[in-house]
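Laboratory data are not the source of any read-out in this text; all were calculated from the coordinates shown. All values reported here derive from a predicted model rather than from experimental measurement. Reconstructed Cβ throughout: ideal geometry from the backbone, glycine too, with neighbour counts over all protein chains shown.
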Amino acid sequence: MTEKFVLKGVRPLGGEPTDVILRDGVIAEMGAGLSGRGAQVVDAEGFILLPGLVDLHTHLREPGREDAETVETGTLAAALGGFTAVFAMPNTDPAADTAGVVEQVYRLGQEAGRCDVQPIGAVTVGRAGRQLAELGAMADSAARVRVFSDDGDCVSDAALMRRALEYVKAFDGLIAQHAQEPRLTEGAQMNEGALSATLGLAGWPAVAEEAIIARDVLLAAHVGSRVHICHVSTAGSVEILRWAKAKGYPVTAEVTPHHLLLTEELVASYDPIYKVNPPLRSAEDVAALRDALADGTIDVVATDHAPHPVEDKECEWSAAAMGMVGLETALAVVQQSMVDTGLLDWAGVADRMSTRPARIGRLAGHGCGLDVGAPANVTVYDPAASWDVDPAQLASRSRNTPYAGRTLPGRVVATFLRGHATVLDGKPQ
Amino acid sequence: MKHLLSAGDLDRDEALLVLETAEKLRELADRPIKKLPTLRGRTIVNLFFEDSTRTRISFEAAAKRLSADVINFSAKGSSVEKGESLKDTALTLEAMGADAVVVRHQSSGAPHRLAHSGWIQSCVVNAGDGSHEHPTQALLDAFTMRRHLGALDGRRVAIVGDVLHSRVARSNVLLLSTLGAEVTLVAPPTLLPVGVERWTCATSYDLDAVLPKTDVVMMLRVQRERMNAAFFPSAREYSRRYGLDAARMAALPEHALVMHPGPMNRGMEISADVADSTRSVIVEQVTNGVAIRMAVLYLLLAGAGSAVDDTVPEQRRGRA
């Protein structure tokens, strides 16, 4: 491999400026005044160097909904957002519930080559919540699946959840739970509270999330297996997680960028661009989620990037699909909600968006320290820039961003996957 | 006022303007020829995604009495049933030159979406959306109350029944509080929405405690199917605790009115003798509905000002 880059004046984790040479797929040298002869120079004066971001929760939609997203377009969006690895959720068509499907998704990611795609396997056959899928076969496949989830649906049967948690211990697996008690959320359209009452939209009560989290942290502790809570959205969930972690229970959790920034008041427009599951919550919930991410109660930021074609959003609220695209705006939203507010420094961002998600997902080669010899999976970010979000400019095949027309801070300048530039000067390579 | 989407869109002056305009238009109902030329050449589309013969014919009669051209677009058996989207339906209506679209939809917020999506330029009137609002129903209810009780300031109105799923209740709470009335919602706790304590009204679980202090009691339709979703144990128990029968009606003050937005479940939320009693103004509500809808269409399409004085009734021109 002859590809070689020298990042001039970059600030690792926002620290002192230095030069960094990427060569042979690794961080080859770090220090002031490196010449890097023969290397392509990236003027990174004032920019921040982060380990390549890792997303534990992405919907790439392939196979089945290639009109919404493909592995090709989704990984392009990921690279432009500063990601070097994404975990692909299994709610595809067919569901990723066999070794065959996870290997297909894995191979499509390899072929796209823009960022590593680590498939997540379904917990149950067809994500139907009845019978365990062949978790061991997916673990043993070329895709080496370690994270399993029925995301989009909750593994609501307590006995099935218990067995899933127990079973994946054999290969150090993890169940990522979409915490939503189904009977409490039948037909649910938005956060249940004063606003849902006024708008006449069926409520999605916080307790429907919190009850499942409470049950599952207890189950995980009982059987001694790891559970991960997807897209935590309420202050009450944070309290349960804090309690469980204080007890030493094996639980980790994620929060989405949109739940760190947006609140339910946006729903009053009845514009389904703001329809998402779990729903946007109150300002108090947002504040609690930010604090929890800052103090580590919530381990990671995960995008829940959920592409939908225009027609699934350009309709009346109750008919619209739930979800928002998020790969290309995640770091900007985290900067705005966590860094610019003083809650998290850049080392903290690296921890929550790279180190911990890679560790939770048992993904080798990602989320490593910015040290000589480490894999050159890195992102160069300009926190002083700002940009107006234009859905038409997104690389994702879908346009359902809730930030259209907003000005967000920061810009991903470059992304490197094993020393190969996937993004340079903000443009895909 | 460009659209009428929520009863909350109307401030006190605007609400009174609608009610007073309707009062003038109501007189038309007593004339042998009930037609004004005001909206001649204007096209009003009744866009009904949900069956509601009562509301549709009320809007249709209102539009026709103002000489508008009326197009009834029912989603049943139409392109909508074949999968056409709300957007494409809207674009079709826009292309046909609709001046106003009266929309009934099972999805809360659909009229709001039509009005603000940029798909159409015409006025949008909400004729009931999901469990959100039904502003013309609230207006006709207020109109009916005022005809019997005068100004509503300080008047006590009890709205009884399935508030959780009721667009009528939401619009009435907003409008009646704007007009100065004191509203109490009466229902079993399962049929009151979480967050109702933030509304501009009181709530009670005890109908018998509320009735003696009530000037108007408005009974809401309660679907028997709700008991299957465990909102209440049985129709019989509901009826015993929250139904209005003759004994309960006797607890009302002498002057109190009994109302119902229809269609009624006789024997469920209201007994037949109450529905047919002299205190019931339920049939009058229907008559008043036409006048209110005329006033709304007039004010949206012909602008503010007096509805009747500056127009020439059809019969004076020798037409019918």
Tilt relative to chain A, helix A:235-246 - C-alpha long axis, 0 to 90 degrees, to 10: 70 degrees
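Can you tell me the length gained on complete extension of the stretch B:Asn72 to B:Glu237, counting 0.36 nm per residue apart and subtracting the Cα distance?
Details: separation 165, 0.36 × 165 = 59.40 nm, distance 4.04 nm.
Once the chain is fully extended between B:Asn72 and B:Glu237, it gains 55.4 nm.
With the Cα gyration tensor of region A:52-360 giving a ≥ b ≥ c as the square roots of its eigenvalues, does the rule (a/c under 1.5 for rounded; else a/b larger than b/c for prolate; else oblate) give rounded, prolate or oblate?
Working: a/c = 1.24, a/b = 1.15, b/c = 1.08.
Rounded, since a/c falls under 1.5.
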Radius of gyration and Dmax over the Cα atoms of region A:1-82, both given in Å: 16.5, 51
Estimated distance in nm for a label pair at A:Arg183 and A:Ala385, the labels positioned 7 Å out from Cα along Cα-to-Cβ: 5.2 nm
Principal axis dimensions, largest first and in whole angstrom, of region B:124-169 by Cα: 31, 26, 13
Compactness of region A:76-119, expressed as Rg and Dmax over alpha-carbon positions, Å: 10.6, 30
Given charges at Cβ of Lys, Arg, Asp, Glu: the protein assembly as shown dipole, positive-most of B:Leu252, A:Ala95, A:Val380: B:Leu252
Longest to shortest principal axis, alpha-carbon extents of region B:218-295, angstrom: 41, 29, 16
Most mobile of A:Cys230, A:Cys154, A:Cys315 in a GNM of chain A (Cα contacts under 10 Å): A:Cys315
Label-reachable residues, region A:90-105, where backbone N falls under 11 Å from a point 7 Å from A:Glu166's Cα toward its Cβ: none
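For A:Glu45 and B:Arg12, what is the calculated FRET efficiency with R₀ set at 51 Å and r taken between the beta-carbons, to the nearest 0.05? Don't skip to the answer; put the middle values down first.
Numbers: r = 61 Å, r/R0 = 1.20.
With R0 = 51 Å, the Cβ-Cβ based efficiency is 0.25.
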Choice from A:Ala68, A:Ala376, A:Ala32 with maximal GNM fluctuation in chain A (Cα, 10 Å cutoff): A:Ala32
Kirkwood Rh (inverse of mean 1/r, distinct Cα pairs), region A:300-429, angstrom: 16.2 Å
Region A:176-234 and region A:20-41: distance between their alpha carbon centers, rounded to Å: 48 Å
Size descriptor, Kirkwood hydrodynamic radius, that averages inverse alpha-carbon separations across region B:135-283, Å: 15.1 Å
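Against the 2.2 N^0.38 Å scaling, with N counting residues, where does region B:151-221 land? I'd like the Cα-based Rg ratio to two decimal places. Before the final figure, lay out each step's value.
On the way: Rg = 10.9 Å, N = 71, 2.2 N^0.38 = 11.1 Å.
Scaled against compact globular proteins, the figure is 0.98.
State the three equivalent ellipsoid semi-axes of region B:1-64, derived from the C-alpha gyration tensor as the square roots of 5 times its eigenvalues, in descending order and whole Å.
Values: eigenvalues 83, 75, 30 Å².
They are 20, 19, 12 Å, listed from largest to smallest.
What length, rounded to one decimal in nm, is gained on full extension from A:Val125 through to A:Ala221, with 0.36 nm per residue of separation minus their alpha-carbon distance?
Details: separation 96, 0.36 × 96 = 34.56 nm, distance 2.52 nm.
Length gained, A:Val125 through A:Ala221: 32.0 nm.
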Taking N as its residue count, the alpha carbon Rg of chain B over 2.2 N^0.38 Å: 1.00
Distance cut-off 24 Å, percentage of C-alpha pairs in region A:75-179 lying past it: 20 percent
Debye equation applied to the C-alpha atoms of region A:233-314, log10 I(q)/I(0) at 0.25 Å⁻¹: -1.19
Flagged links, alpha-carbon separation over 29 Å, of A:Lys169/A:Lys247; A:Lys245/A:Lys275; A:Lys169/A:Lys245; A:Lys245/A:Lys313; B:Lys34/B:Lys87; B:Lys2/B:Lys35: A:Lys245/A:Lys275; A:Lys245/A:Lys313; B:Lys34/B:Lys87
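Mean projection of the alpha-carbon convex hull of region A:115-271 over all orientations, in nm²? Please list the in-between numbers first.
Values: hull surface 41.7 nm².
Its average projected convex-hull area is 10.4 nm².
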Zone residues, region B:240-256, relative to B:Asp276, backbone N less than 15 Å from point 7 Å out along Cα-to-Cβ: B:246
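For the protein assembly as shown, what does the alpha-carbon gyration tensor say about shape, rounded, prolate or oblate, given a ≥ b ≥ c as the root eigenvalues, a/c under 1.5 as rounded, and a/b over b/c as prolate? Could you put the intermediate results ahead of the total?
Working: a/c = 2.67, a/b = 1.97, b/c = 1.36.
Cα axes put the protein assembly as shown in the prolate bin.
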From the C-alpha gyration tensor of region A:210-360, square roots of 5λ in Å: 26, 19, 14
Rg to Rh quotient for region B:252-295, alpha carbon positions, Kirkwood Rh: 1.03
For chain B, built as a Gaussian network whose Cα springs stay under 10 Å, the top-fluctuating residue of B:Arg26, B:Arg146, B:Arg104: B:Arg146
Antiparallel DSSP beta bridges within region A:52-360, as percent of all bridges there, nearest 5: 5 percent
Distance in nm between pseudo-label sites at B:Ala302 and A:Gln393 (7 Å out along the Cβ direction from Cα): 5.1 nm
Region B:135-283 - share of DSSP beta bridges that are antiparallel (%, nearest 5): 0 percent
